[in-house]
1. In this structure, is ASN337 in contact (Cβ under 8 Å) with a residue 60 or more places away in the chain and more than 22 Å from PRO95 (Cβ to Cβ)?
2. Do you know which residues across region 312-327 are of a type outside the set (A, V, I, L, M, F, W, C) and surrounded by 12 or more Cβ atoms within 10 Å (Cβ to Cβ)?
3. Is region 311-320 home to any residue that is more than 24 Å from ILE252 (Cα to Cα) and not charged (D, E, K, R)?
4. Could you list all residues from region 73-107 that are in a helix (DSSP H, G or I) and under 23 Å from VAL139 (Cβ atoms)?
5. Could you list all residues from region 178-217 that are in contact (Cβ under 8 Å) with a residue 60 or more places away in the chain and within 16 Å of ligand 2 (Cβ to nearest atom)?
6. Of the conditions (1) outside any strand (DSSP E or B); (2) more than 16 Å from ligand 2 (Cβ to nearest atom); (3) buried (at least 22 other Cβ atoms within 10 Å of the Cβ); (4) of a type outside the set (Lys, Arg), PRO110 satisfies every one except a single condition; which number is it?
7. How about region 132-210: which helices (runs of 4 or more DSSP H) wholly inside it have at least 2 residues that are modelled with pLDDT of 95 or more and over 21 Å from ASP312 (Cβ atoms)?
8. Going through region 355-374 one residue at a time, which ones are in contact (Cβ under 8 Å) with a residue 24 or more places away in the chain and part of a helix (DSSP H, G or I)?
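The values are calculated or read from the model by the stated rules, or taken from the named source; none is laboratory data. Nothing here was measured: the structure is a model prediction, and the numbers come from that model. Cβ sites come from the backbone with ideal geometry, for glycine too, and all protein chains shown count toward neighbours.
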Amino acid sequence: MKHKESQQDRKHAQNLHQEAGVEEKSYRPDWAPPGNHEAFAVKIVRGSTLSHSEPKTSKRIRRKNLSIDDYVTGVLNGDRSLLAQTITLIESQAPHHREMATQVLHRLLPHAEKSLRIGISGVPGAGKSTFIETFGLKVIEDGHHVAVLAVDPSSSLTKGSILGDKTRMEKLSRHEHAFIRPSPSGGTLGGVASKTREAITVCEAAGYDVILVETVGVGQSEITVRSMVDFFLLLQISGAGDELQGMKKGVIELADAIVINKADGDNKEKAELTRKQLETALNYLKPSTKGWTCRVLACSALTGFGIPEIRDMIWEFKEKMIAEGVFQKRRKEQAVNWFYSMIEEKIRTWFYTHSGIQSYIETLKKKIESGELLPTVGAEQMMTYFLKNISAHKEK
Ligand SMILES: Nc1nc2c(ncn2[C@@H]2O[C@H](COP(=O)(O)OP(=O)(O)OP(=O)(O)O)[C@@H](O)[C@H]2O)c(=O)[nH]1
Ligand SMILES: [Mg+2]
């Protein structure tokens, strides 16, 4: 029975080898006793050339096994898959991921910062995505590596509408020198912005030297993007009659350049008219960057008209601002402001998630609504309650 099984196994092995094209021969040595006893057979098998037996040089690392070293070396080697996974790690809310992310970022920081960060904003439909596609490909032609990130706190509700339209950035998204990442979803504007800032660091460490940060023109998010970029570009469209298109003076004042898009076909003349009107209107506005007067240009993201001029202007800005020290000074201030905003964010979260806070807030809120309590007094009571709560917590 056993003998039969071993014969079957041998036959099976032979078949496998034959299927794989491996020659197998049997010899009987000279000293073997006469007869047909198999125990004295010697088998010679030629070395296999099967691909599966070759050692694998690049072992695919599974995400759950990634170490801090894996993330850091992956990013520094410009591995796009690991770059994407590192950003996923920094976006994670899980405390152990956060711990890892902090260490990864700390090690990547010395390799970052060597880039030009450009913010791009504009009302929905102004052509931001189309502009990023054309402009991104242009600067890649110049030898740069482009990363596209976004700040869109609303994307948690709309499931990431911004940059969801990768079809508008079809060529760019497929280019090996481009990396596109949608806005992190969920959380406050401060929270989303913080993740985008960290993603900038990661992309820079991976060798991307032009960072485009897109946001939709709704006000507050523009101020946030301005606080993380070197150059801020506002995309406009012509023909709305009012040259400022209902945009608040405050938002216009954030811009280093305003670009009238869709200057093509029948619209070209109208775009030029809008450009001139805006230029005049801007004479009275405060510059966003010290020593730089906001420029107004026209372009067509569709045909590429005006795109090289925009590129030249931005690089002129970079050289001038570096020479005058404004560039470096702004980056330092941005880092310190980010630090303060993170402290505020953490204190706010700590406060509102402290036990008993929510129910006490509700109690005070009712009294304020009924006119029984002055809001300032309510806030004082709230703080007294909170501080007592912390010390009671500590004594435990
Ligand atoms: N004629 C013309 N059409 C353009 C140009 N740029 C963009 N468009 C068109 O305008 C529409 C909106 O363009 P998008 O690039 O999606 O605009 P967006 O600002 O990203 O829009 P949201 O993502 O919705 O905020 C599309 O149909 C584009 O094809 C341009 O330079 N000329
Ligand atoms: Mg878009």
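1. Yes, satisfied.
2. Going residue by residue through region 312-327, those that are of a type outside the set (A, V, I, L, M, F, W, C) are 312, 316, 318-320, 324-325.
Correct list: GLU316, LYS318, LYS320, GLU324.
3. Narrowing region 311-320 to residues more than 24 Å from ILE252 (Cα to Cα): none.
Checked region 311-320: no residue is more than 24 Å from ILE252 (Cα to Cα) and not charged (D, E, K, R).
4. At the first step, the residues of region 73-107 found to be in a helix (DSSP H, G or I) are 73-76, 80-91, 95-107.
The answer is VAL75, LEU76, ARG80, LEU83, ALA84, ILE87.
5. Hits for region 178-217 are ARG181, LEU212, VAL213, GLU214, THR215, VAL216, GLY217.
6. With (1) outside any strand (DSSP E or B); (2) more than 16 Å from ligand 2 (Cβ to nearest atom); (3) buried (at least 22 other Cβ atoms within 10 Å of the Cβ); (4) of a type outside the set (Lys, Arg) applied to PRO110, the lone miss is (3).
7. Values: elements: 155-158, 170-174, 189-205.
It comes to 189-205.
8. ILE357, TYR360
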